[in-house]
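Sharing a structure with you now.
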Amino acid sequence: MKINILFLIAGLMLSATSKYLQYRYQSLTGDLLVFPAAIFLLLALLFSIPSYQEWFKNNLTHSDAILLALTGSGAVLSFQLFTWLVFGRGTDAGYYMLIPFLTLTAIAIRLIFKLKGG
């Protein structure tokens, strides 16, 4: 089975479990399961892109491909924390999570241009 399918299945299972726990039991665990679910879904997306797969398999660009996955995951996690804190918990402290989100997104974009040869 392809790795992107495994990431997709894991992300969907975590997301469905999260929603069930949130609506059935109003569980904090359900709220927290959204974070790894989002990261698995991002990894499923990345590994579905042929050029990313090439970068990941190439010895010269492998470490940059991993760094792209890490910065992308950090950006997704920061954005998820922002939305959870601001909209789910009603605290303004979540706005501080926009700083790492924007920073990590900018780093990820630079990595994409570097990997594309631009």
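The numbers here are math on the coordinates, done by the rules we state, and not lab data. These numbers were taken from a predicted model, which means no experiment stands behind them. Every residue, glycine among them, receives a Cβ derived from its backbone with ideal geometry; neighbour counts consider all protein chains shown.
Test residue 68 against the stated conditions and say whether it is within 23 Å of residue 115 (Cβ to Cβ), surrounded by 19 or more Cβ atoms within 10 Å (Cβ to Cβ) and out of contact with any Pro (no Cβ under 7 Å at 6 or more places or on another chain). Break it down into steps so the answer makes sense when it comes.
Values: within 23 Å of residue 115 (Cβ to Cβ): yes; surrounded by 19 or more Cβ atoms within 10 Å (Cβ to Cβ): yes; out of contact with any Pro (no Cβ under 7 Å at 6 or more places or on another chain): yes.
Considered against the rule, which asks whether it is within 23 Å of residue 115 (Cβ to Cβ), surrounded by 19 or more Cβ atoms within 10 Å (Cβ to Cβ) and out of contact with any Pro (no Cβ under 7 Å at 6 or more places or on another chain), residue 68 comes out as yes.
Residue under question is residue 71, and the condition is that it be of a type in the set (Ser, Thr, Tyr) and over 9 Å from the mean Cα position of the chain (by Cα); does it hold? Walk me through it before giving the result.
Values: of a type in the set (Ser, Thr, Tyr): yes; over 9 Å from the mean Cα position of the chain (by Cα): no.
Against the criterion (of a type in the set (Ser, Thr, Tyr) and over 9 Å from the mean Cα position of the chain (by Cα)), residue 71 does not qualify.
What are the residue pairs meeting all of these: first residue in the stretch 12-38, first residue in contact (Cβ under 8 Å) with a residue 12 or more places away in the chain and at negative phi, second residue part of a helix (DSSP H, G or I) and aromatic (Phe, Trp, Tyr), Cβ atoms under 6 Å, and 6 or more apart or on different chains?
Taking only residues 6 or more apart or on different chains, not a single pair turns up.
Go through the stretch 49-65 and give me each residue that's small (Gly, Ala, Ser) and buried (at least 19 other Cβ atoms within 10 Å of the Cβ).
Correct list: 65 only.
Any idea which of (1) part of a helix (DSSP H, G or I); (2) over 20 Å from residue 2 (Cα atoms); (3) more than 18 Å from the chain's Cα centre (by Cα) is the one residue 98 doesn't satisfy?
Here residue 98 clears every test but (3).
Quick grid of which residues meet (1) exposed (fewer than 14 other Cβ atoms within 10 Å of the Cβ); (2) farther than 28 Å from residue 115 by Cβ:
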{"residue": "4", "(1), (2)": "no, no"}
{"residue": "10", "(1), (2)": "no, no"}
{"residue": "15", "(1), (2)": "no, yes"}
{"residue": "75", "(1), (2)": "no, no"}
{"residue": "79", "(1), (2)": "no, no"}
{"residue": "82", "(1), (2)": "no, no"}
{"residue": "89", "(1), (2)": "yes, yes"}
{"residue": "102", "(1), (2)": "yes, no"}
